[in-house]
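The values are calculated or read from the model by the stated rules, or taken from the named source; none is laboratory data. As the structure is a prediction and not an experimental result, all values here were calculated from the model. Note that we place each Cβ from the backbone using ideal geometry, even for glycine, and neighbour counts take in every protein chain shown. With ligands, DNA and RNA removed, areas are computed over all heavy atoms of the protein, side chains included. Shrake-Rupley method; radii C 1.70, N 1.55, O 1.52, S 1.80 Å.
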Amino acid sequence: MTSGSSGSALFTKPWKGIIDCYRTYLPVNDNTPIITLHEGNTPLVFAPHITKLCNIPGLSVYLKVEGANPTGSFKDRGMTVAVSKAIEEKSKAIICASTGNTSASAAAYAARARANGYKMDCFVLVPKGYVALGKLSQAMIYGAKVIQIKGNFDEALSLVKEIVSKYPVTLVNSLNPFRIEGQKTGAFEICEQLGKVPDVLAIPVGNAGNITAYWKGFCEYAKNDRPIMIGFEASGAAPIVQNKIIEKPETVATAIRIGNPASWKQAVNAAKESNGFIDTVTDEEILNAYKIIHQEEGIACEPASAASVAGLLKSAKAKKISPESTIVCILTGNGLKDPDTAINQGKSEGLEANPDLKEIITILDF
Ligand SMILES: *Cc1c(COP(=O)(O)O)cnc(C)c1O
């Protein structure tokens, strides 16, 4: 791996996606058709306000803005590899269960596969009423067949697993190992962008594929210099922390509204091997962080993404973060994904006026 010097491929070549950049670290070969939307190479932005809020000497907090990916979430890193491999294996259809972002990404990469001349259908099962509007609209307009089921994500995933065992269609949930392979490139990028390995990585945990992928990435990047992994579940959807399957998970952070994570063991292992931990954050803590990230850092993300920052703030307050640490919080998805929550949490809901100067000046209240 090239490290943070100016010789890094990340900064010197025109960007053509994570497979092009990290080819030797990924399970691709000359026969793999590369289906890419030039995902990856997302911004790593210093967060001065959150750094200050932590109130621990010598801290630097950075945000990895994964919402800048082509469909607005980190899922694209995994999907480019999963769909490329599906085509290499002559598959003509992909399917997933999704809280929204996996479906948006799968639908887009299937469309891109068709652009490259392959037959590729995309089928999606989502929990009805629990997918943020932006994500649902993406899956539909990219041309997937979207079925809204009257059940939760865990039920959708069981159904999809049964379907792929009986029909010729490729699963592109994070149970698909190629997803994890692609997503580990986020860890490589962070090390190159920082010019070093961070001390702490804070990350939301839902189905637990991403914490698994980041840990794999850091382990491959440097054996003796790895971050402490701290993962955060929503308190109403915290099977790992409570050490039991949650039948009816509930949280405002719909992307992590999962009660029986597929990569449960791997997530526990990442926390343990890295001397880190997995903890919970309440919806109130998530929404507080969501507002801070937008209003005090000028960066957008969706509610689930804010779990990383909420978790960091909680951990800092409990003095579980060492002084002088460099910390990266993964902002997993784009702010535009969930306009309903943004409007609810914003400062101007319901403010209306006649086109009358006096009335408006009164409301502005300078
Ligand atoms: C998928 C997703 C998560 C959860 O990631 P897992 O790999 O399922 O743990 C968190 N945030 C967003 C925005 C997501 O789309």
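Just checking, which of Gly67, Gly78, Gly40, Gly58 is more than 13 Å from the ligand (Cβ to nearest atom) and either surrounded by 17 or more Cβ atoms within 10 Å (Cβ to Cβ) or assigned to a helix (DSSP H, G or I) (or both)?
Only one candidate qualifies: Gly40.
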On the given criteria, is Phe153 surrounded by 15 or more Cβ atoms within 10 Å (Cβ to Cβ), in contact with a strand residue (DSSP E or B) (Cβ under 8 Å, 6 or more places away or on another chain) and within 24 Å of Pro33 (Cβ to Cβ)?
-> no
Qualifying residues in the range 112-140 (those that are under 21 Å from Tyr167 (Cβ atoms) and part of a helix (DSSP H, G or I)) - the one most open to solvent (accessible area, probe 1.4 Å) | Arg114
Unique match (being in a helix (DSSP H, G or I), in contact (Cβ under 8 Å) with a residue 40 or more places away in the chain and within 16 Å of the ligand (Cβ to nearest atom)) among Gly311, Gly259 = Gly311
Cβ pairs under 8 Å, 6+ apart, first in the range 28-52 and over 28 Å from Glu89 (Cβ atoms), second surrounded by fewer than 15 Cβ atoms within 10 Å (Cβ to Cβ) | His49/Glu296; Ile50/Glu296
Evaluate the range 232-244: report whether one residue or more is open to solvent by less than 10 Å² (accessible area, probe 1.4 Å) and more than 30 Å from Val45 (Cα to Cα).
-> yes
So which of Ser348, Ser322 is touching a residue at least 60 places away in the same chain (Cβ under 8 Å), over 20 Å from the mean Cα position of the chain (by Cα) and outside any helix (DSSP H, G or I)?
-> Ser322
Test Val205 against the stated conditions and say whether it is under 26 Å from Asp283 (Cβ atoms), touching an Asp or Glu at 6+ places or on another chain (Cβ under 7 Å) and open to solvent by less than 10 Å² (accessible area, probe 1.4 Å).
-> yes
